Amino acid sequence: TQLLEQSPQFLSIQEGENLTVYCNSSSVFSSLQWYRQEPGEGPVLLVTVVTGGEVKKLKRLTFQFGDARKDSSLHITAAQPGDTGLYLCAGGGGTASKLTFGTGTRLQVTL
Amino acid sequence: GAGVSQSPRYKVAKRGQDVALRCDPISGHVSLFWYQQALGQGPEFLTYFQNEAQLDKSGLPSDRFFAERPEGSVSTLKIQRTQQEDSAVYLCASSSRYRYNEKLFFGSGTQLSVL
């Protein structure tokens, strides 16, 4: 069974602070996706990374896929209240099938 | 439609009742997934359809869970003789292709509470 552990589990910070969320596994994934989920809604895809060592930026969000494709990180610069939500990483295998989701990181950004 | 639609939005069932949850994917999307999400946790895979074919049902927790997609569009997840441990949000997702890194579009989910 492939497991994705995220840390921290909860994070409460003030507007303007920086933060990093980690997603770790003992398994190799062909791709890694990051989602954000707001209460009462389904997850929304933020980014997909597929190459070991790949770095992608989405405005204030920076995503990195580990060289060995077993881990990933999400860094948010100058967090805003609109960044509040549940952040989920999800690993994909080599064939068309299910994603394995991480345990989730709940982020709260206050004024 | 504009997005993945799920109904009902909320369902309260007495233990032992049967329930049926509906998913209407984005028109033309080939792949359809069902996930179960416990409170504060990440979604867990239940089953996967490619058109009308159920290619993976390894995540269904017991034989009380059954899913179908008879015409390759709308899907129904049925839970028979519901138990309290079935209480969760059931998410449906669809994608236009069947590659492993294809973008998934999720519905808002059905929150099931079994009393």
Handout entry: Set B:LEU21, B:LEU91, B:LEU46: member being touching a residue at least 24 places away in the same chain (Cβ under 8 Å), more than 10 Å from every other protein chain (Cβ to nearest Cβ) and surrounded by 19 or more Cβ atoms within 10 Å (Cβ to Cβ)
Key = B:LEU21
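Condition check ((1) modelled with pLDDT of 95 or more; (2) more than 8 Å from every other protein chain (Cβ to nearest Cβ)) across all residues:
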{"site": "A:GLN33", "(1), (2)": "no, no"}
{"site": "A:THR48", "(1), (2)": "no, no"}
{"site": "A:LYS70", "(1), (2)": "no, yes"}
{"site": "A:ILE76", "(1), (2)": "yes, yes"}
{"site": "A:GLN80", "(1), (2)": "yes, yes"}
{"site": "A:ASP83", "(1), (2)": "yes, yes"}
Fill in the blank from the handout: Those residues of region B:49-72 which are crowded, with 18+ Cβ neighbours inside 10 Å and at pLDDT 95 or above amount to B:LEU60, B:PHE65, B:ALA67, B:ARG69
Problem - Selection status of B:THR76, in contact with an Asp or Glu (Cβ under 7 Å, 6 or more places away or on another chain), among the polar types (S, T, N, Q) and farther than 24 Å from A:LEU4 by Cα - result: yes
Practice task
From the list A:LYS57, A:LYS70, pick out the single residue that is among the charged types (D, E, K, R) and surrounded by fewer than 17 Cβ atoms within 10 Å (Cβ to Cβ).
Solution key: A:LYS57
Practice task
Can you tell me which residue among A:LEU32, A:LEU74 is closer than 21 Å to B:GLY40 by Cβ and either aliphatic (A, V, I, L, M) or more than 13 Å from the chain's Cα centre (by Cα) (or both)?
Solution key: A:LEU74
Exercise for the section: Name the one entry in A:GLY93, A:GLY104, A:GLY66 that is away from every other protein chain (no Cβ under 14 Å), touching a residue at least 12 places away in the same chain (Cβ under 8 Å) and not polar (S, T, N, Q). Expected result: A:GLY66
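The values are calculated or read from the model by the stated rules, or taken from the named source; none is laboratory data. Predicted model only: the values in this text are computed from it and were never measured. Counting neighbours? That spans all protein chains shown, and the Cβs are built from the backbone with ideal geometry, glycine included.
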